[in-house]
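The values are calculated or read from the model by the stated rules, or taken from the named source; none is laboratory data. Owing to the predicted nature of the structure, the values given are computational and were not obtained by experimental measurement. With ideal geometry, Cβ positions are generated from the backbone for all residues, glycine too; neighbour counts draw on all protein chains shown. In case anyone asks, the SASA skips ligands and DNA or RNA and just uses the protein heavy atoms, side chains included. Shrake-Rupley method; radii C 1.70, N 1.55, O 1.52, S 1.80 Å.
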Amino acid sequence: MSNSDYIAWFRHSSPYINAYRGKTFVLTLPGDAMENDNFQHIVHDIALLTSLGVRLVLVHGARPQIEARLKEARVESEFSDGKRITDISSLPYVLQAIGATRLKLEAALSTGLPNSPMHGADIRLTSGNFVTGMPKGVINGVDYQHSGKVRKIDISSIHHALDHKAVVIISPIGYSATGEVFNIPVHEVATQVAIALTADKLITLIRPQGINDDNGNLQRHLSLSACREYLSNAQLPEEQLAALEASYQVCLQGVNRAQVISYAIDGALIEELFTRNGSGTLVHRDSYEIIRQARIGDVGGILALIQPLEEQGILVRRSRELLETEIYRFAVMELDGMIVACAGLYAFEDDNMAELACVATHEEYRNAGRAEQLLEYIESQAKLQGMESIFVLTTQTAHWFLERGFIEKPLSVLPQQKQTLYNLQRRSKVFIKAI
Ligand code: ARG
């Protein structure tokens, strides 16, 4: 990365840096993540987040560690529905493995992070009996014994620790008033903790880059309804399914955003949190990418978007004043607070025709179907206004409109009023589409 790229990146990330101060993030670290080569980097990034004032709760798992410990001790465990039953003979090994994993995590977070940018960032850690557990019980005749579920979370103690600038570490364990200990799946603990704290984010680490669709392509973001549909249709590998279910559950119950990212890719956490596009999959209940009518406050953002295109002669020049008076004709696409695409609709009511004008997409956000979505939105708006067709005048982007069902027509098909205004010099072509 050149110096200027670095500076640009840093400037772009500053809104997030600001927004995250004092926010609560729950991070799910499965046991596999801690065995991965990239774990050192994750530890650094955790240190970085705390130094920026993020209130961090780490929920760790220990599945591979438990498996290794049981194997070593030659203890066979029973499974039901793919889940291990923690019985009385395996419990001591399960506890040993979980305890050792937690100690390892605490040790990693306590090193001075030598030779790293976060050198000297002392992290204060707290762990304890934050989770009360209860037996999962007998399900379909199977007694799950010491496999448990969450009964209660001691929110005020967690807040107390966070207020004192500690990172809270929670193990996949629940204690009970009768002195028993239950092994609880890591995602269940993380989900319940995030909901109880109404965390701002739940971040789940898995091996792949995020959640994939059926063709193996990364899903960059899912609204709650898209997520629900997705969970009922997609054939996801277990790891992704558990992460997506946790994300969906927490967002349903008040967490704004849940992100699924890779523990194996260096920088995935930072890229996800500090860039608009992220690196993994975002499940959100708030607006992340939306199309809406433009407001007066959008004028600056629209100008920034269209100016480069005006300079290249692709769009006709519009002054700030003109844009201010015509702002109600515009629709914009907003990506996490930034205007990334816009388009205007000028209705000619007498002719039931509307002109689509000033279609622009930010150069970093092109070729991802955004202008297309905006076009669909504009078309539906035009229909609502009783229009029967929309037309565009273009000099350089004819192909784009042709591919989207527009047909080239002579100038004479346009409303009379538009024909008189036609700028002969630009020699634009006319494309029209019935809607
Ligand atoms: N950095 C922002 C956040 O953490 C946006 C992340 C977007 N991520 C994505 N996978 N689309 O909320």
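Below are the figures for this structure:
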| read-out | value |
| --- | --- |
| L105 vs. criteria in contact with a His (Cβ under 6 Å, 6 or more places away or on another chain), within 27 Å of H159 (Cα to Cα) and modelled with pLDDT of 95 or more | yes |
| Top-ranked residue of region 249-273 - restricted to ones that are among the hydrophobic types (A, V, I, L, M, F, W, C), open to solvent by 10 Å² or more (accessible area, probe 1.4 Å) and at pLDDT 95 or above, ranked as farthest from the ligand (Cβ to nearest atom) | A264 |
| Boolean, E376 is within 18 Å of F348 (Cα to Cα), modelled with pLDDT of 90 or more and open to solvent by 80 Å² or more (accessible area, probe 1.4 Å) | no |
| Residue match in region 349-370 (condition: among the aromatic types (F, W, Y) and open to solvent by 20 Å² or more (accessible area, probe 1.4 Å)) | no |
| Restricting region 387-408 to residues that are modelled with pLDDT of 95 or more and not β-branched (V, I, T), the residue that is surrounded by the most Cβ atoms within 10 Å (Cβ to Cβ) | F391 |
| Top-ranked residue of region 68-83 - restricted to ones that are farther than 15 Å from G141 by Cα and open to solvent by less than 40 Å² (accessible area, probe 1.4 Å), ranked as modelled with the lowest pLDDT | S77 |
| Members of region 134-168 that are aliphatic (A, V, I, L, M) and either farther than 22 Å from E245 by Cα or over 29 Å from the mean Cα position of the chain (by Cα) (or both) | M134, V138, I139, V142, I155, I158, A161, L162, A166, V167, V168 |
| Complete set of residues in region 1-48 that are modelled with pLDDT under 95, charged (D, E, K, R) and exposed (fewer than 14 other Cβ atoms within 10 Å of the Cβ) | D5, R11 |
| Breaking point among (1) within 25 Å of the chain's Cα centre (by Cα); (2) under 16 Å from R292 (Cα atoms), for L384 | (1) |
| Answer residue from region 275-289, given it is hydroxyl-bearing (S, T, Y) and open to solvent by less than 40 Å² (accessible area, probe 1.4 Å) and is nearest to the chain's Cα centre (by Cα) among those | T281 |
| Answer from R370, R366 - the residue that is in contact (Cβ under 8 Å) with a residue 12 or more places away in the chain and of a type in the set (D, E, K, R) | R370 |
| Neighbours by Cβ (under 8 Å, 6+ apart or cross-chain): first from region 272-285, outside any strand (DSSP E or B); second acidic (D, E) and near the ligand (Cβ under 6 Å from one of its atoms) | R276/D336; G278/E272; S279/E272; G280/E272 |
| Qualifying residue in region 207-215 (condition: among the charged types (D, E, K, R), within 13 Å of the ligand (Cβ to nearest atom) and assigned to a loop (DSSP other than H, G, I, E, B)) | no |
| Subset tally (residues that are open to solvent by less than 40 Å² (accessible area, probe 1.4 Å) and either free of Cβ contacts under 8 Å to residues at least 24 places away in the same chain or part of a strand (DSSP E or B) (or both)) for region 290-310 | 4 |
| Strands (runs of 3 or more DSSP E) lying entirely in region 387-435 (those with 3 or more residues that are under 16 Å from V359 (Cα atoms) and touching a residue at least 24 places away in the same chain (Cβ under 8 Å)) | 389-394, 429-434 |
| Checking V168 against (1) more than 22 Å from L205 (Cβ to Cβ); (2) of a type in the set (A, V, I, L, M); (3) open to solvent by less than 50 Å² (accessible area, probe 1.4 Å), the condition it does not meet | (1) |
| Output for region 320-342, where each listed residue is under 24 Å from S223 (Cα atoms) and either part of a strand (DSSP E or B) or among the small types (G, A, S) (or both) | A331, V332, M333, E334, L335, G337, M338, I339, V340, A341, C342 |
| Scan of region 379-412 for residues that are farther than 20 Å from E310 by Cβ, out of contact with any Phe, Trp or Tyr (no Cβ under 8 Å at 6 or more places or on another chain) and of a type outside the set (G, A, S), ordered by number | E379, Q381, K383, L384, Q385, M387, E388, I390, H399, E403, R404, P410 |
| So I195, is it open to solvent by less than 10 Å² (accessible area, probe 1.4 Å), at pLDDT 95 or above and within 19 Å of H284 (Cα to Cα) | no |
| Unique match (being among the hydrophobic types (A, V, I, L, M, F, W, C) and closer than 14 Å to H362 by Cα) among L322, L315 | L315 |
| Cβ-Cβ under 9 Å pairs, at least 6 apart or on other chains, region 210-229 side open to solvent by 60 Å² or more (accessible area, probe 1.4 Å), far side among the polar types (S, T, N, Q) and within 15 Å of the ligand (Cβ to nearest atom) | R220/N277; R220/T281; H221/T281 |
| Identity of the residue in region 274-291, closer than 21 Å to E245 by Cβ and more than 8 Å from the ligand (Cβ to nearest atom), that ends up modelled with the lowest pLDDT | D286 |
